[in-house]
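What follows is one structure encoded as structure tokens, with my remarks underneath.
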Amino acid sequence: MNLIYVHGGVSGREREELPSLEGPRRAGLGAAGALDAVEASVRSLEDNPALNAGLGSVLNRRGKVELDAGLADGAAGRFAGVAGVDVRHPISLARRVLEDTPHVLLIGEAALEVGEGLERLEGSTAEQHERWARAEASGELALDRYGASEHVDTVGAVALDVAAHLAAGSSTGGVFGQMPGRVGDSPIFGAGIYASAEVAVVGTGVGELFLETLACFRAGALVEGGLDPQSACERVIRYLGEVDPLEAGLLALDGAGRVGAAFRGGSWAVEGPDGPLNPARLP
Ligand code: GLY
């Protein structure tokens, strides 16, 4: 059976208001390996309308969905991402890019050429469209208000299979009110996602911070250098806090099955084999 940890994104909401992630974690348990496990778990997270990915994605400044996802196969040293797409399961579109193309990153409508059969999104939930209408009416969509995470951020999963292979997957609707065409950290290897033969890492938070610091690579490299995953996540989250006091979280799993999770911000739901994890909340 696969060892899987899933997360629902750092949030400004109370922990009790966030949905249970047991279903998404279980979705990958019986999968054939770590990569399949991560895809199955992230698909389940994308199906939850209370999370900012797939069905429940936030809207951009024009009231449209533009989703990003990344999938990393640590054992094979391979990665693929998609950006600015409007399918219900961007993680599966990333899987198609990984397996059916010679490319690493595909964007927008053109990426759907490899997505035959994947369900398209017409928009997001009624709640998200109402939120957008309120924000537009009140001027909240001004760029100087960008980055507040009163909803929830990216979802993701890390997995270790019986062959000791690691994989990571990340999926997001981006940041509420983002400019059309903006790409976050989730489909960028080393920024919002990282995996190698020794460690799998996913991040959550405003993507610009992860992109400018390569936060997931930093945490992964610390584990590859011998640090335990918990200390690695805490060290990088502290560093991110010095760069910018935005909400941010890191979840890492190593080849020995040791997990680490740390964040700054309101709350963060992470689920593992022993139930909800209590990620270290740093000041
Ligand atoms: N972490 C999600 C994003 O910034 O797009």
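The values are calculated or read from the model by the stated rules, or taken from the named source; none is laboratory data. What you see is a predicted model; the values in this text were computed from it and never measured. With ideal geometry, Cβ positions are generated from the backbone for all residues, glycine too; neighbour counts draw on all protein chains shown.
Values as computed for the structure displayed
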| quantity | calculated |
| --- | --- |
| Number of the condition not met by residue 141 [criteria: (1) touching a Gly at 6+ places or on another chain (Cβ under 7 Å); (2) more than 18 Å from residue 27 (Cβ to Cβ); (3) within 15 Å of the ligand (Cβ to nearest atom)] | (3) |
| Number of the condition not met by residue 244 [criteria: (1) at pLDDT below 95; (2) under 18 Å from the mean Cα position of the chain (by Cα)] | (2) |
| In segment 28-56, residue nearest to residue 136 (Cα to Cα) [restricted to those that are among the polar types (S, T, N, Q) and within 12 Å of the chain's Cα centre (by Cα)] | 52 |
| Odd one out for residue 37, checked against (1) in contact with a helix residue (DSSP H, G or I) (Cβ under 6 Å, 6 or more places away or on another chain); (2) aliphatic (A, V, I, L, M); (3) part of a helix (DSSP H, G or I) | (1) |
| Any hit, segment 190-201, residues being surrounded by fewer than 24 Cβ atoms within 10 Å (Cβ to Cβ), within 16 Å of the ligand (Cβ to nearest atom) and either within 15 Å of the chain's Cα centre (by Cα) or more than 23 Å from residue 87 (Cβ to Cβ) (or both) | yes |
| Residues satisfying the stated conditions in segment 25-63, i.e. surrounded by fewer than 24 Cβ atoms within 10 Å (Cβ to Cβ), small (Gly, Ala, Ser) and touching a Pro at 6+ places or on another chain (Cβ under 9 Å) | 44, 50, 56 |
| Any hit, segment 85-107, residues being among the small types (Gly, Ala, Ser), in contact (Cβ under 8 Å) with a residue 24 or more places away in the chain and out of contact with any Leu (no Cβ under 9 Å at 6 or more places or on another chain) | no |
| One residue from 3, 29 being out of contact with any helix residue (DSSP H, G or I) (no Cβ under 6 Å at 6 or more places or on another chain), hydrophobic (A, V, I, L, M, F, W, C) and under 23 Å from residue 237 (Cβ atoms) | 3 |
| Extreme residue, farthest from the ligand (Cβ to nearest atom), among residues of segment 178-188 that are more than 21 Å from residue 7 (Cα to Cα) and not small (Gly, Ala, Ser) | 180 |
| Residue selected from segment 90-118 under the condition among the charged types (D, E, K, R) and exposed (fewer than 13 other Cβ atoms within 10 Å of the Cβ), by the criterion farthest from residue 181 (Cα to Cα) | 116 |
| So residue 212, is it farther than 25 Å from residue 74 by Cβ and touching a helix residue (DSSP H, G or I) at 6+ places or on another chain (Cβ under 8 Å) | no |
| Any pair with Cβ under 7 angstrom, 6 or more apart, that starts in segment 1-29 at a residue that is in contact (Cβ under 8 Å) with a residue 40 or more places away in the chain and ends at one that is of a type in the set (Val, Ile, Thr) and in a loop (DSSP other than H, G, I, E, B) | 9/154 |
| First in segment 198-210 and over 14 Å from residue 260 (Cα atoms) and free of Cβ contacts under 8 Å to residues at least 60 places away in the same chain, second anywhere and more than 7 Å from the ligand (Cβ to nearest atom) and part of a helix (DSSP H, G or I), Cβ under 9 Å, 6 or more apart | 209/215; 209/240; 209/243; 210/216; 210/240 |
| Qualifying positions in segment 144-177 - near the ligand (Cβ under 10 Å from one of its atoms) and surrounded by fewer than 24 Cβ atoms within 10 Å (Cβ to Cβ) | 147, 149, 175 |
